[in-house]
Amino acid sequence: MVMLEATDTQIKKALVTISVEQALLEMGTPVLDEVTRALYSNYNCYIPDCLDHPDYLKSVLKDLYGNGYSSIVSSIHKYLDEFATQKPIEEFLIAI
C-alpha cells in the first residue's frame, strides 16, 4: 500500500474547511446547508475552495446573514487563530 503525503496547500484547505464548517454548524445544520448551496449556485465552488476565494464566502455570508455574518467570521477566526501566522491562512482571515 502506498501512503500519499498531503501537500501544505491540501492541509491548509482542510483546516479552513473544518473551521468554516464547524463555525456554521454552531449556528445549525441548515446554516451549513444554506451556505454550501449558495457557494455552489453563485460561484460553482465548495467550502474547500474558499481558501483560494475567501471573497466568495464573505459575499455569501453577507448576502444570507447581513450584519450577523460577523459572528460567523469571529467563530472562524477562533478556530483558525493558532494557524493565523501562516501566510495563506492569514490572507484568508483578512479577506473574510
**OP:** Residue by residue through the stretch 46-57, note down the ones that are free of Cβ contacts under 8 Å to residues at least 40 places away in the same chain and surrounded by fewer than 17 Cβ atoms within 10 Å (Cβ to Cβ).
**Re:** 46, 48, 52, 53
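Taking the stretch 46-71 on its own, how many of its residues are among the hydrophobic types (A, V, I, L, M, F, W, C) and within 17 Å of residue 15 (Cβ to Cβ)? Spell out how you get there, then give the answer.
Pass one, the stretch 46-71, residues among the hydrophobic types (A, V, I, L, M, F, W, C): 47, 50-51, 57, 60-61, 64.
Okay, now just the ones that are also within 17 Å of residue 15 (Cβ to Cβ), so 47, 50-51, 57.
Of the residues in the stretch 46-71, 4 are among the hydrophobic types (A, V, I, L, M, F, W, C) and within 17 Å of residue 15 (Cβ to Cβ).
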Subject >> Matching residues in the stretch 58-70 - criterion: being closer than 13 Å to residue 31 by Cβ and crowded, with 16+ Cβ neighbours inside 10 Å >> reply: 60, 61, 65, 69
Subject >> Selection from the stretch 14-44 of residues that are crowded, with 16+ Cβ neighbours inside 10 Å and closer than 16 Å to residue 92 by Cβ >> reply: 15, 16, 17, 19, 20, 21, 23, 24, 35, 39, 43
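Read-outs throughout are calculated quantities, based only on the coordinates presented, and are distinct from any laboratory measurement. Everything quoted here is computed from the prediction, not taken from an experiment. Note that we place each Cβ from the backbone using ideal geometry, even for glycine, and neighbour counts take in every protein chain shown.
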